[in-house]
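Report on the structure given below.
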Amino acid sequence: MNTLVRCQFSLHDKLKLSLAIRELKTMNHIAIKMLMGDKGKYLGIVMGLTFASLIMTQQPAIFLGLMSRSYSFISDVGLPDIWVMDAKVQFIDDIKPLQDTELYRVRGISGVKWAMPMYKGLLKARLVDGTFQTCNVVGLDDATLIGGPPVMLEGKLADLRRSDGIIVDIDGATDKLGKPSPIPGGKTIPLKVGDSLELNDHRAIIVGIAKVTRTFQSQPVIYTTYSRAKSYAPKERKLLSFVLVKAKPGQDLTELTRRIRAATGLAAYTQKEFMSLTYEYFMHNTGIPINFGISVLLGFIVGAAIAGQTFYNSTLENLRQFGVLKAMGTSNWILLRMILLQAVLVGTIGYGLGVGLTAIFGYSMRHSILAFKFTWELLLFSGTGVSLICIFAALISIIKVIRLEPAIVFKG
Amino acid sequence: MQIKYTLPILAVAGFLFAAYTVVNSNKPIPVAAAVAPPSSAPFKSFIAGAGIVEPKSRNISIGTPLPGIVKTLVVKVGDKVKAGAPLFYLDDRDTRAELAVKLADLAKAKADVGIEKASLVDTKTLSNLAEAITDRRAISSEELLKRRNALLISTAKLDSAKALVQQAEAALADTQTTLARLVIEAPIDGEVLQVNIRPGEFAQAGALTTPLLVLGNMDQLHVRVDIDENDAWRFAKNSMAVAFLRGNRNFKADLTLAYVEPFVVPKKSLTGDSTERVDTRVLQALYSFERNQLPVYVGQQMDVFIEAKDSSDNGGAPL
């Protein structure tokens with residue numbers, strides 16, 4: 001019965017199509033008809049590809065987000081071109097302090113427009129309720145305050161010149177450094193300008209709230225002046241963490257870093273180099289790349305399995321129609337094109353839906369703690385992944401169709 | 001609804017939203033500008049150092065030769081004083097009392113001289129009378145000897161009384177010196193930069209961490225530049241130098257070398273922290289500048305750049 005209907009259908013089609021059998025437009029139409037004829041299968045393929053595309057963009061986006069947090073402090077400090085530090089520093093939080101006079105040695109190198117000190121260290125802040133919170137304390141040059149936070153939400157950077165002044169980041173102020181709620185279990189009360197903290201037994205007054213890019217450890221960031229940071233810090237002989245250098249206009253940065261290294265024996269990196277140094281450290285010394293790599297690979301494999309399998313099934317189902325077309329003299333080339341068209345169509349739709357869902361995911365999470373960085377490279381990456389799945393799915397179907405005997409139409 | 005159109009439309013919308021997110025979420029982070037533009041060297045090759053402004057005379061920490069309670073303070077911060085002008089007086093009541101005693105002692109000693117003189121006249125008269133007698137039988141030889149000796153004793157007593165006057169005078173002069181030492185005077189012409197003592201407070205003698213009074217000659221200011229010992233070999237005495245005021249690079253002054261301290265000292269960090277850290281040793285060069293070029297105060301820090309030979313050819317001195 002079924003075969004009869006199919007036969008009739010194909011005979012009917014045969015009449016209809018014989019008029020313009022060589023017109024590609026019609027052939028494309030047929031291909032689309034074949035693909036969408038079975039809605040369940042069609043949705044299955046698209047969903048498989050959507051899933052694969054989603055996993056292949058969302059997971060790497062979180063990975064990139066996490067990785068970019070490792071160097072977010074460096075990219076936040078946008079003004080200097082070169083960072084000078086101890087030769088053995090491995091990444092941004094690996095601080096090996098220098099002598100204060102190194103600043104003047106770096107300043108004395110030709111090609112340096114200016115050089116400023118920066119203190120960066122972890123200090124304990126004592127909160128109102130007596131709990132302790134480790135904070136990232138950044139000390140900026142007293143006169144110029146170079147290296148400050150990118151966005152000030154309240155107050156001005158120059159307010160740091162007020163006595164005992166500090167600037168805290170908004171995330172720290174609302175969350176980790178917040179005052180305890182009067183109702184037990186309630187939300188903490190965010191710190192405001194004018195509130196005070198205790199840093200290493202020193203009084204500190206909040207004069208501003210800043211917005212900074214979250215760092216890897218997500219500790220609250222406290223900005224203050226260099227000399228004040230030194231008095232907050234435990235007594236050590238050396239306290240200078242970094243020397244921030246701006247090159248003279250027209251100065252070749254690579255040449256200048258080489259000169260700084262030769263003259264002082266310290267390590268000098270351009271902003272990009274220091275970012276990649278930090279990034280590489282996390283790549284080689286943490287399990288993060290492997291974890292996310294496995295997720296992406298699983299997404300690819302599962303997507304390929306679902307989409308490829310369903311696509312192949314759908315081709316198998318339409319094998320009679322392909323047979324008819326073949327019997328009517330349609331060349332293998334045209335059939336191949338038809339399958340490719342189907343593959344490109346489902347691929348594009350799946351890809352579009354997948355990246356769209358990733359974007360919605362990222363957009364809805366934009367104010368949360370989640371690390372998420374969606375770049376155009378990721379669009380290309382998942383596009384390539386989806387294309388590979390589609391090529392794989394199309395290939396197994398194409399082999400089947402090309403090997404197809406037209407006589408199959410007439411078989412039981 | 002046609003699934004044929006829904007999915008492609010959704011896919012296109014999804015892709016467009018993704019593209020929008022990509023463009024929107026990867027905006028460059030704004031750069032925090034410097035609050036005050038940093039100073040930079042006007043030379044191609046140079047040595048940079050931190051400078052601190054001080055008077056040409058350096059800062060004189062006035063000390064007291066004697067410890068005591070401050071009675072009156074006659075100067076205030078910013079006063080211009082001449083050399084020898086009193087700065088403050090220490091409590092002198094006991095010294096004045098002592099002076100009165102010494103004066104009385106002197107008067108007594110002087111009176112004693114009068115007595116001795118009178119008794120000398122007496123013994124001399126008696127002796128002369130005895131000597132005048134020509135007939136030896138009229139006076140016993142014992143009596144004669146007695147009178148002669150009395151004269152000798154009286155002469156010696158007068159000398160002793162005179163010596164006592166001298167002693168009392170010396171004691172008086174000593175007390176007067178002590179009294180003078182209770183008035184602390186300005187050693188040079190200058191300006192009072194700091195006053196850390198108030199009437200009623202105890203002024204300790206000796207070297208103090210907080211000086212009682214700081215005095216300096218402000219006619220000519222110097223800037224003391226710390227040059228890292230690693231850079232000291234690049235320093236040339238006749239090279240140009242320029243100083244910038246911290247906080248505003250528009251205030252700058254050309255410097256002329258006054259002198260170089262040939263003794264390299266440990267650098268103290270200029271934080272003002274009580275536990276000053278010794279980092280390294282520095283060569284200190286002193287430069288003078290026109291005072292009217294900069295609105296500068298004594299003790300203020302400056303960024304100093306000194307022109308140096310280009311050392312990039314031999315690569316400097318790697319550690």
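The values are calculated or read from the model by the stated rules, or taken from the named source; none is laboratory data. No experiment lies behind these values; they were computed from the predicted model shown. Methodologically, a virtual Cβ is constructed for each residue, glycine included, from the backbone with ideal geometry; neighbour enumeration extends over all protein chains shown.
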Of the candidates A:E273, A:E280, A:E236, A:E255, the one satisfying the condition of being charged (D, E, K, R), assigned to a helix (DSSP H, G or I) and touching a residue at least 60 places away in the same chain (Cβ under 8 Å) is A:E255
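Condition check ((1) under 13 Å from the mean Cα position of the chain (by Cα); (2) part of a loop (DSSP other than H, G, I, E, B); (3) in contact (Cβ under 8 Å) with a residue 60 or more places away in the chain) across all residues:
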position	(1), (2), (3)
B:L193	yes, no, yes
B:G200	no, yes, yes
B:A205	no, yes, yes
B:M218	no, yes, yes
B:D226	no, no, yes
Selection over region B:228-240 where residues are within 19 Å of B:F289 (Cα to Cα) and under 28 Å from the mean Cα position of the chain (by Cα) yields a count of 1
Being within 14 Å of chain B (Cβ to nearest Cβ), in a helix (DSSP H, G or I) and surrounded by fewer than 22 Cβ atoms within 10 Å (Cβ to Cβ) narrows A:D175, A:D159 down to just A:D159
Of the candidates B:T134, B:T123, B:T177, the one satisfying the condition of being assigned to a helix (DSSP H, G or I), of a type in the set (S, T, Y) and exposed (fewer than 13 other Cβ atoms within 10 Å of the Cβ) is B:T177
For region A:374-386, pairs from a residue that is surrounded by fewer than 12 Cβ atoms within 10 Å (Cβ to Cβ) to a residue that is among the hydroxyl-bearing types (S, T, Y) and part of a helix (DSSP H, G or I), with Cβ under 6 Å and 6 or more apart or across chains, are none
If we keep only residues of region A:352-373 that are more than 9 Å from chain B (Cβ to nearest Cβ) and touching a residue at least 12 places away in the same chain (Cβ under 8 Å), then the residue surrounded by the most Cβ atoms within 10 Å (Cβ to Cβ) is A:A371
Restricted to region B:282-319 and to residues being of a type in the set (F, W, Y) and part of a strand (DSSP E or B), the residue modelled with the highest pLDDT is B:Y287
From the option list B:I153, B:I139, B:I69, B:I133, single residue qualifying as in contact with a strand residue (DSSP E or B) (Cβ under 7 Å, 6 or more places away or on another chain) and either of a type in the set (S, T, Y) or at negative phi (or both) is B:I69
Subject >> Any hit, region A:401-408, residues being more than 30 Å from A:K176 (Cα to Cα), assigned to a loop (DSSP other than H, G, I, E, B) and touching a Gly at 6+ places or on another chain (Cβ under 8 Å) >> reply: yes
Taking the condition farther than 30 Å from A:I109 by Cα and either modelled with pLDDT of 85 or more or facing chain A (nearest Cβ under 7 Å) (or both), does B:P8 pass? yes
Exactly one of B:A13, B:A32, B:A50 is assigned to a helix (DSSP H, G or I) and at the interface with chain A (Cβ under 7 Å from one of its Cβ atoms), and that one is B:A13
Only one of A:K156, A:K176 is under 25 Å from A:P80 (Cβ atoms) and assigned by TED's automatic domain parsing to the domain that holds A:Y232, namely A:K156
Per the filter on region A:50-89, residues of a type in the set (D, E, K, R) and more than 30 Å from A:R105 (Cα to Cα) are A:R69
Within region A:108-156, residues being within 14 Å of another protein chain (Cβ to nearest Cβ), in a strand (DSSP E or B), closer than 29 Å to A:T254 by Cβ and not aromatic (F, W, Y) number 9
